Each structure stands twice: as structure tokens, then as C-alpha cells.
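Colleague: Could you have a look at this structure, given as C-alpha cells, before my questions?
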Amino acid sequence: MTNYATTPAGYGTATTGQDALLLAARVLLGAIFVQSGFGKLMALSGFIAGMESQGVPMATIVAPIGALVEAFGGLAIVLGAWTRLAALLVAVFTVAATLIAHRYWEAAPDAAKMQQVQFMKNLAIIGGFLSLVASGGGRFSVDGWLSRR
């Protein structure tokens with residue numbers, strides 16, 4: 001078995017258990033972004049209108065880019081393809097989405113607590129993506145498969 005630190009591409013692992021956990025992490029983190037991103041792409045005008053209502057500048061340009069990053073970045077993470085890049089892009093998307101949609105400090109008192117929960121949940125998701133940036137996709141990924149060819 002190889003070690004992450006000694007593998008040039010960073011896709012070797014110390015144990016099969018770690019690879020299985022990385023697979024589970026990728027699927028669990030990426031699935032919600034696949035579902036949400038493709039949902040936004042299928043109803044793009046509504047997503048654009050929502051972004052405009054939140055004061056996002058150039059929403060007609062930003063919304064499709066965000067939906068594409070969310071959908072295809074999430075899919076890349078699930079598959080473990082370009083894992084580090086995809087995780088970084090979706091983490092940046094999540095930071096932007098969090099700052100746009102979950103500004104609990106500006107919310108009405110009755111909505112502030114729920115927005116704070118959503119804000120904190122997104123911070124945890126960002127942490128998960130940063131872990132994938134650091135670790136890569138593991139052996140049970142497209143990246144891992146390509147590194148063994």
C-alpha cells in the first residue's frame with residue numbers, strides 16, 4: 001500500500017477503509033449539489049429572478065455559471081473526477097451562496113435563527129470540501145483510477 005505523502009498524484013491511500021470513507025464523503029457531499037444544481041438549470045429563469053431579488057449584480061450571467069458549477073462540480077465530486085479542483089470550485093460557490101442567501105445578521109428576528117442554522121450548515125459543508133481538496137478523491141474515484149493506469 002502507498003501513502004498519500006509519497007504518491008506523486010496524491011491518490012494513493014494507506015488503507016482501503018480510508019478510500020471507502022472518501023467515496024462515502026464524496027457521494028454525501030456531492031449529491032445535494034447535483035440535485036440542486038440540475039434543478040436550478042431546469043428552472044433557470046426562477047433562479048435568476050431569485051438572485052435578482054436578493055440584489056445580486058449581473059444575475060443573468062452569474063446564475064447560469066453558479067448552477068453549472070453546482071451541478072457539474074457536484075457530479076465531478078461524486079465521481080471523483082478532478083476532485084481537488086471540483087471541491088475547491090464548489091466550496092467557493094458555497095461561500096458565495098452562503099453570503100447571498102443566509103445573511104442571518106440581516107434577517108427578521110423570526111427568520112434569523114433558521115438562517116443562522118443554514119449559514120453554519122454551509123460552513124460545515126465548506127469544511128468537507130476543503131478536506132477533499134487536501135485528500136483528493138481516493139482510490140475509488142476516477143482520479144484514483146487514472147493515477148493507476
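The values are calculated or read from the model by the stated rules, or taken from the named source; none is laboratory data. Everything quoted here is computed from the prediction, not taken from an experiment. Positions of Cβ are backbone-derived with ideal geometry, glycine not excepted, and every protein chain shown enters the neighbour counts. Please note that ligands, DNA and RNA were not included when accessible areas were found on the heavy atoms of the full protein model with its side chains. Shrake-Rupley method; radii C 1.70, N 1.55, O 1.52, S 1.80 Å.
Colleague: Among the residues that make up the stretch 9-18, is at least one of them surrounded by fewer than 20 Cβ atoms within 10 Å (Cβ to Cβ), at positive phi and either more than 20 Å from the chain's Cα centre (by Cα) or modelled with pLDDT under 95 (or both)?
Modeller: Within the stretch 9-18, one or more residues are surrounded by fewer than 20 Cβ atoms within 10 Å (Cβ to Cβ), at positive phi and either more than 20 Å from the chain's Cα centre (by Cα) or modelled with pLDDT under 95 (or both).
Colleague: For the stretch 134-149, enumerate the residues that are among the aromatic types (Phe, Trp, Tyr) and either at positive phi or part of a loop (DSSP other than H, G, I, E, B) (or both).
Modeller: 140
Colleague: Under 9 Å by Cβ, and 6 or more places apart or on different chains, what pairs join a residue from the stretch 124-149 that is farther than 11 Å from residue 79 by Cα and open to solvent by 50 Å² or more (accessible area, probe 1.4 Å) with one that is outside any loop (DSSP other than H, G, I, E, B) and among the polar types (S, T, N, Q)?
Modeller: 139/16; 139/18; 139/147
Colleague: With the structure loaded, tell me whether residue 45 is modelled with pLDDT under 95 and over 30 Å from residue 149 (Cα atoms) or whether it fails that test.
Modeller: For residue 45, the condition - modelled with pLDDT under 95 and over 30 Å from residue 149 (Cα atoms) - is not met.
Colleague: Under 8 Å between Cβ atoms, which residue pairs at least 6 apart in sequence (or on different chains) link something in the stretch 86-102 that is touching a residue at least 60 places away in the same chain (Cβ under 8 Å) and of a type outside the set (A, V, I, L, M, F, W, C) with a partner that is surrounded by 20 or more Cβ atoms within 10 Å (Cβ to Cβ) and assigned to a helix (DSSP H, G or I)?
Modeller: Pairs that qualify, where the first residue is touching a residue at least 60 places away in the same chain (Cβ under 8 Å) and of a type outside the set (A, V, I, L, M, F, W, C) and the partner is surrounded by 20 or more Cβ atoms within 10 Å (Cβ to Cβ) and assigned to a helix (DSSP H, G or I): there are none.
Colleague: Kindly indicate whether residue 97 is over 15 Å from the mean Cα position of the chain (by Cα) and farther than 23 Å from residue 23 by Cβ.
Modeller: Details: over 15 Å from the mean Cα position of the chain (by Cα): no; farther than 23 Å from residue 23 by Cβ: yes.
Against the criterion (over 15 Å from the mean Cα position of the chain (by Cα) and farther than 23 Å from residue 23 by Cβ), residue 97 does not qualify.
Colleague: State yes or no: is residue 68 among the hydrophobic types (A, V, I, L, M, F, W, C), open to solvent by 70 Å² or more (accessible area, probe 1.4 Å) and at pLDDT 95 or above?
Modeller: yes
Colleague: Could you identify the single residue in 37, 73, 17, 55 that is of a type in the set (Gly, Ala, Ser), out of contact with any Ser or Thr (no Cβ under 9 Å at 6 or more places or on another chain) and not in a helix (DSSP H, G or I)?
Modeller: Only one candidate passes the filter, namely 55.
Colleague: Might you check whether a residue that is open to solvent by 40 Å² or more (accessible area, probe 1.4 Å), out of contact with any helix residue (DSSP H, G or I) (no Cβ under 8 Å at 6 or more places or on another chain) and over 26 Å from residue 120 (Cβ atoms) occurs anywhere in the stretch 87-105?
Modeller: Checked against the condition, which is being open to solvent by 40 Å² or more (accessible area, probe 1.4 Å), out of contact with any helix residue (DSSP H, G or I) (no Cβ under 8 Å at 6 or more places or on another chain) and over 26 Å from residue 120 (Cβ atoms), the stretch 87-105 yields no hits at all.
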